[in-house]
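Colleague: Here you go, one structure.
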Amino acid sequence: NEGLTHLLLGDFATGWPLYEWRWRGGTDELRIRGFSQPQWDGGAIEGRSILLHAEGGMGDTIQFCRYASQVAARGARVLLEVQRPLIQLMAGLKGVERVIAEGDPLPPFDLHCPLLSLPGIFRTVLETIPAAIPYLRPDPARITVWRGRVSEGRPNIGIAWSGNPAHKNDRYRTIPASVFRAQIEKTAAHWHLLQPELREGDSEAVAGMSGFTDHRVHLADFAETAALVSLMDLVISVDTAVAHLAGALGKPVWVLLPFASDWRWLLGRSDSPWYPTMRIFRQSAPGDWDGVLDAVEEALAAALPAIR
């Protein structure tokens with residue numbers, strides 16, 4: 001917790017070493033993998049193979065897979081283990097020799113490292129965050145298919161108002177679809193659902209919604225989502241993997257945050273050093289989504305004329 005607090009404050013030099021205590025916390029969310037191979041500590045690695053493995057949610061994987069190219073630049077053969085829905089998306093990630101799905105047999109490797117330990121190894125501070133975008137790219141063939149499903153003539157806005165319901169802070173970060181409906185219907189744009197599932201009650205809220213397309217049947221994995229996102233003029237999302245995906249693809253993305261947001265978004269900023277194309281809208285008081293959406297409405301009124 002002390003490490004997370006320093007990271008939230010932007011004191012990365014202090015925060016990263018303390019963040020390594022997450023493996024000693026006895027939580028169900030993080031478990032030491034128990035590999036016989038040692039964990040990489042930043043030492044010489046040229047000519048050796050290293051397994052970089054995901055931890056946390058898919059948004060974490062999308063955010064921190066960017067470090068794979070830095071590991072490869074030190075002369076290592078990089079293997080990357082990620083959640084299965086990310087396999088195709090990560091296939092072209094720079095510096096990665098092979099991508100493996102969690103649960104599949106692992107090839108031989110010399111060293112391993114959790115993805116979220118890499119910023120500390122590279123002594124990342126705010127000024128040195130590797131933020132060259134895009135570092136993920138959609139499949140051109142998938143884009144061609146999706147282009148036939150996306151209308152032209154009006155700005156296309158992708159939207160995600162909820163993420164994984166199992167997330168421990170889900171009740172704070174999710175916005176009911178009914179709250180969004182009025183804004184969607186009065187905005188001169190075409191809206192596209194970017195999340196693969198709807199919560200109980202949301203289906204009724206979006207039924208018959210004008211200017212809105214539900215793409216869930218086609219969103220088999222994040223490679224499909226990436227192709228759809230690439231065709232959007234703007235993405236608006238709560239704090240979920242879709243926001244990270246849009247940022248990693250270099251698309252304009254607006255993220256809507258609860259009052260007590262995750263450490264990675266820092267404090268009091270409307271931008272993110274992790275994603276140069278991101279704009280942040282924050283609750284000014286716990287639960288105040290109305291204030292956030294009022295700010296989004298005002299920003300949309302200013303932005304839409306410039307989009308097309």
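Colleague: Consider residue 60 carefully, then state whether it is within 27 Å of residue 237 (Cα to Cα) and charged (D, E, K, R).
Modeller: yes
Colleague: Please enumerate the residues belonging to segment 259-272 that are open to solvent by less than 30 Å² (accessible area, probe 1.4 Å) and either basic (Lys, Arg) or at pLDDT 95 or above (or both).
Modeller: Hits for segment 259-272 are 263, 264, 265, 266, 272.
Colleague: Tell me which residues, restricted to segment 29-52, are surrounded by fewer than 13 Cβ atoms within 10 Å (Cβ to Cβ) and either under 15 Å from residue 80 (Cα atoms) or of a type outside the set (Val, Ile, Thr) (or both).
Modeller: 29, 31, 34, 36, 38, 41, 43, 44, 46, 47
Colleague: Tell me whether segment 137-153 contains one or more residues that are at positive phi and either crowded, with 18+ Cβ neighbours inside 10 Å or modelled with pLDDT of 95 or more (or both).
Modeller: No, every residue in segment 137-153 fails to be at positive phi and either crowded, with 18+ Cβ neighbours inside 10 Å or modelled with pLDDT of 95 or more (or both).
Colleague: Same structure, new question: Filter segment 242-253 down to the residues that are crowded, with 23+ Cβ neighbours inside 10 Å and either touching a Ser or Thr at 6+ places or on another chain (Cβ under 8 Å) or more than 12 Å from residue 63 (Cβ to Cβ) (or both) and list them by number.
Modeller: Listed by number, the residues that qualify are 242, 243, 245, 246, 247, 249, 253.
Colleague: Hey, another quick one. Are there any helices (runs of 4 or more DSSP H) wholly within segment 5-114 with 1 or more residues that are more than 24 Å from residue 263 (Cβ to Cβ), among the β-branched types (Val, Ile, Thr) and in contact with a strand residue (DSSP E or B) (Cβ under 6 Å, 6 or more places away or on another chain), and if so which?
Modeller: Those helices (runs of 4 or more DSSP H) span 87-90.
Colleague: Determine if segment 174-181 includes at least one residue that is modelled with pLDDT under 85 and on the phi > 0 side of the Ramachandran plot.
Modeller: Within segment 174-181, not a single residue is modelled with pLDDT under 85 and on the phi > 0 side of the Ramachandran plot.
The values are calculated or read from the model by the stated rules, or taken from the named source; none is laboratory data. As the structure is a computational prediction, the values presented were derived from the model and not from experiment. All Cβ positions, glycine included, derive from the backbone under ideal geometry; neighbour counts span all protein chains shown. Areas reflect the complete protein model, heavy atoms only, side chains present, ligands, DNA and RNA absent. Shrake-Rupley method; radii C 1.70, N 1.55, O 1.52, S 1.80 Å.
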